[in-house]
1. (1) at pLDDT 95 or above; (2) within 8 Å of the ligand (Cβ to nearest atom): which one isn't true of residue 299, the others all being true?
2. Could you check segment 17-40 and list, in sequence order, the residues that are touching a residue at least 40 places away in the same chain (Cβ under 8 Å) and touching a helix residue (DSSP H, G or I) at 6+ places or on another chain (Cβ under 8 Å)?
3. Give the residue that is nearest to the ligand (Cβ to nearest atom), with candidates limited to residues of segment 198-245 that are under 30 Å from residue 113 (Cα atoms) and over 23 Å from the mean Cα position of the chain (by Cα).
4. Within segment 245-269, how many residues are crowded, with 23+ Cβ neighbours inside 10 Å and in a helix (DSSP H, G or I)?
5. On the given criteria, is residue 284 touching a strand residue (DSSP E or B) at 6+ places or on another chain (Cβ under 8 Å), at pLDDT 95 or above and within 8 Å of the ligand (Cβ to nearest atom)?
6. Here are the criteria: (1) modelled with pLDDT of 95 or more; (2) out of contact with any helix residue (DSSP H, G or I) (no Cβ under 8 Å at 6 or more places or on another chain); (3) over 20 Å from residue 151 (Cα atoms). Tell me which single one residue 214 does not satisfy.
7. Within segment 246-266, work out how many residues are under 25 Å from residue 91 (Cα atoms), within 7 Å of the ligand (Cβ to nearest atom) and out of contact with any strand residue (DSSP E or B) (no Cβ under 6 Å at 6 or more places or on another chain).
Ligand SMILES: Cc1cc2nc3c(=O)[nH]c(=O)nc-3n(C[C@H](O)[C@H](O)[C@H](O)COP(=O)(O)OP(=O)(O)OC[C@H]3O[C@@H](n4cnc5c(N)ncnc54)[C@H](O)[C@@H]3O)c2cc1C
């Protein structure tokens with residue numbers, strides 16, 4: 001059986017949920033092991049075990065939280081040298097991308113990004129040309145390094161799954177401590193996270209300005225357990241922060257209901273939301289491409305419809 005590693009990112013002591021998706025997928029491909037580095041790693045190792053990792057290489061060393069990428073690459077290079085995994089799965093987060101890219105350069109091994117499906121240790125699927133074409137890729141060399149898009153796989157615990165934790169005892173050299181994290185900024189947020197919300201309301205340029213965008217937030221609070229997202233056009237215009245962006249260069253969401261207000265439906269946006277169970281679109285232009293993937297399309301003015309929806313939801317909730 002091939003050995004599949006999951007690089008499990010940990011941020012501020014919290015395990016990235018994508019690593020559990022990767023561990024679940026890895027169970028289909030071979031024997032699952034994981035690497036988790038930074039404060040909170042040992043606790044996270046237990047969770048990775050519940051999702052199928054048999055061995056977890058873990059270190060709670062603060063060095064992995066203080067410095068960016070280089071210490072992680074140093075530790076991974078040593079661990080790979082000692083254990084020779086066949087494949088290493090990373091989630092497409094910023095830190096993981098940085099680490100995977102450096103690791104590929106260090107080892108001279110294959111790196112494939114934007115992975116949507118993994119058939120075996122030899123084959124995977126990726127999206128190219130702005131997500132418009134899915135291609136089959138034959139993978140060569142070892143270890144193969146794959147960067148998978150969030151939500152490509154569903155995380156499912158393994159009954160009785162338990163990991164053996166192997167402490168990582170690497171000493172990180174001074175030359176691997178050059179990029180230091182000097183500040184951490186947490187954006188204040190209310191309501192569910194965009195990636196996890198069962199209902200997502202997304203606004204596009206059709207909302208015509210940041211003030212109108214606030215009405216979308218009001219509608220989200222009226223519905224409850226609902227998050228607000230946006231297109232890149234809106235983020236680039238500075239109406240909302242980047243954390244709202246859905247699409248190829250933003251977040252991937254798979255809610256039960258996705259409602260698009262004034263969103264044209266560019267392929268780069270669709271790639272981040274087409275997995276939603278139900279898609280509803282409101283657009284003034286009946287030819288807007290978003291209608292092609294919508295379960296329900298409303299040709300109308302979003303600026304008029306949003307206040308009516310707020311009233312309707314409030315009155316139904318009493
Ligand atoms: C490399 C690359 C990466 C990209 N990554 C992303 C990404 O991650 N996410 C993303 O979203 N985009 C991304 N884009 C940009 C993408 O191509 C589109 O430009 C963008 O998604 C368009 O945003 P929009 O739908 O808000 O704006 P527009 O395309 O301008 O659409 C506005 C829509 O609003 C409708 N409208 C206008 N007024 C109203 C009204 N009053 N009521 C109802 N409807 C109205 C119009 O009919 C129109 O359909 C990327 C582009 C590139 C090149």
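The values are calculated or read from the model by the stated rules, or taken from the named source; none is laboratory data. Note that the coordinates shown come from a computational prediction; the quantities given were computed from them, not determined experimentally. Note that we place each Cβ from the backbone using ideal geometry, even for glycine, and neighbour counts take in every protein chain shown.
1. It is condition (2) that residue 299 fails.
2. Of everything in segment 17-40, those that are touching a residue at least 40 places away in the same chain (Cβ under 8 Å) and touching a helix residue (DSSP H, G or I) at 6+ places or on another chain (Cβ under 8 Å) turn out to be 19, 20, 23, 33, 34, 35, 37.
3. Here the answer is 205.
4. 1
5. Working: touching a strand residue (DSSP E or B) at 6+ places or on another chain (Cβ under 8 Å): yes; at pLDDT 95 or above: yes; within 8 Å of the ligand (Cβ to nearest atom): yes.
It is true that residue 284 is touching a strand residue (DSSP E or B) at 6+ places or on another chain (Cβ under 8 Å), at pLDDT 95 or above and within 8 Å of the ligand (Cβ to nearest atom).
6. Going through the list (1) modelled with pLDDT of 95 or more; (2) out of contact with any helix residue (DSSP H, G or I) (no Cβ under 8 Å at 6 or more places or on another chain); (3) over 20 Å from residue 151 (Cα atoms), residue 214 breaks only (1).
7. Step one: list which residues in segment 246-266 are under 25 Å from residue 91 (Cα atoms), which gives 246-258, 266.
Next, only the ones that are within 7 Å of the ligand (Cβ to nearest atom) stay: 246-250, 266.
From the residues that got through so far, the ones that are out of contact with any strand residue (DSSP E or B) (no Cβ under 6 Å at 6 or more places or on another chain) too are 247-250, 266.
Number satisfying all stated conditions: 5.
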